[in-house]
Amino acid sequence: DGIGARATETALRFLGSRKIKTRVLPVVLGPLAAFELLSELCGNANAEDIQRNRSYLIGMKGKQVASEPVTIIDDGLYPRGMNSSRFDGDGFPRKPLVVVERGILKSYLHSFYTANKGKEENTGHSTRGWISPTNVRVSLGSRTAAEIIKDVKEGLYINSGGLSPNSVTGDISATVDFGFKIENGELAYPVKNTMIGANMLELLKNIDAISSDYREEPGIVMPTVRIQNVKVAGGE
């Protein structure tokens, strides 16, 4: 079975993991880890949290929240998308929404209630009692993931997991469960007892590369992302 074989292969790659020293490094997020980070940004841009004063994105609409390479579109109408539908939970028509354009936060995600309360346009993101993104599509860069990794003399590659910020403060404290040390442009060995400590806006503004190749689920684009100057806490 393909999934079982892939799981076994992944597990075997993490045999012989090593501790690394605490330092500031470039971090490359594989498609799953990058998607978690960028889809969380869309989720944190929900107007419910903004209006209740419990989001690190309060007052950030129209301002820079990420670096220039970052453009994110949330498209609830994408053909055969995983989260596509003609209408949201309030019965309001969905439409593609530019959430971030070249690093600038262009819109909060609204339901009928929050749009009325904030006197803003309803974006059609109600999920019956909450507000959520649909199909998050990240604009691609010009170089492949392999080329982006090859540029890194020393760094950390994170395959998946854990980079969810505190939605109020934007702080991230995450254990790296599936990570590799990058040495001279190659994945050298798996790491253990390693953590990332950062603020979400700090991470987003330090993104300097998004790959041209990507993993795709129906309607969802997941490229590889590189972030400079990340505090990596090792156990050595």
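Results for (1) under 16 Å from residue 205 (Cβ atoms); (2) open to solvent by less than 50 Å² (accessible area, probe 1.4 Å), shown as yes or no for each residue.
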site	(1), (2)
24	yes, no
35	no, yes
38	yes, yes
42	no, yes
46	no, yes
57	yes, yes
64	yes, no
68	yes, no
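Selection of region 120-147 for residues being at negative phi and small (Gly, Ala, Ser) yields 126, 132, 139, 141, 142, 145, 146. Of all residues in region 185-208, those that are in contact with a Gly (Cβ under 6 Å, 6 or more places away or on another chain) and among the aliphatic types (A, V, I, L, M) total 3. Selection of region 188-198 for residues being assigned to a strand (DSSP E or B) and of a type outside the set (Ser, Thr, Tyr) yields 188, 190, 191, 195, 196, 197, 198.
Scanning region 142-187 for residues that are assigned to a strand (DSSP E or B), among the aliphatic types (A, V, I, L, M) and open to solvent by 50 Å² or more (accessible area, probe 1.4 Å) yields one hit, 187.
If you go through region 122-141 and keep only what is assigned to a strand (DSSP E or B) and either in contact with a Cys (Cβ under 8 Å, 6 or more places away or on another chain) or open to solvent by 70 Å² or more (accessible area, probe 1.4 Å) (or both), you end up with just 136. Summed over region 199-236, the residues that are open to solvent by 50 Å² or more (accessible area, probe 1.4 Å), assigned to a strand (DSSP E or B) and either closer than 25 Å to residue 104 by Cβ or touching a residue at least 12 places away in the same chain (Cβ under 8 Å) (or both) give a count of 8. Looking at (1) surrounded by 18 or more Cβ atoms within 10 Å (Cβ to Cβ); (2) modelled with pLDDT of 95 or more; (3) of a type in the set (A, V, I, L, M), which is the one condition that is false for residue 196? Against the list (1) surrounded by 18 or more Cβ atoms within 10 Å (Cβ to Cβ); (2) modelled with pLDDT of 95 or more; (3) of a type in the set (A, V, I, L, M), residue 196 comes up short only on (2). Looking for something without any contact (Cβ under 8 Å) to a residue 24 or more places away in the chain and out of contact with any Ser or Thr (no Cβ under 8 Å at 6 or more places or on another chain) - is there at least one such residue anywhere in region 36-52? Yes: region 36-52 contains one or more residues that are without any contact (Cβ under 8 Å) to a residue 24 or more places away in the chain and out of contact with any Ser or Thr (no Cβ under 8 Å at 6 or more places or on another chain). Could you please find all residues in region 77-98 being within 18 Å of the chain's Cα centre (by Cα) and open to solvent by less than 40 Å² (accessible area, probe 1.4 Å)? Selection gives 97 alone.
The values are calculated or read from the model by the stated rules, or taken from the named source; none is laboratory data. Just so it is clear, the structure is predicted and the values come from calculations on it, not from any experiment. Here the Cβ is made from the backbone with ideal geometry for all residues, glycine too, and neighbour counts use every protein chain on show. The accessibility values were calculated without ligands, DNA or RNA, using every heavy atom of the protein model including side chains. Shrake-Rupley method; radii C 1.70, N 1.55, O 1.52, S 1.80 Å.
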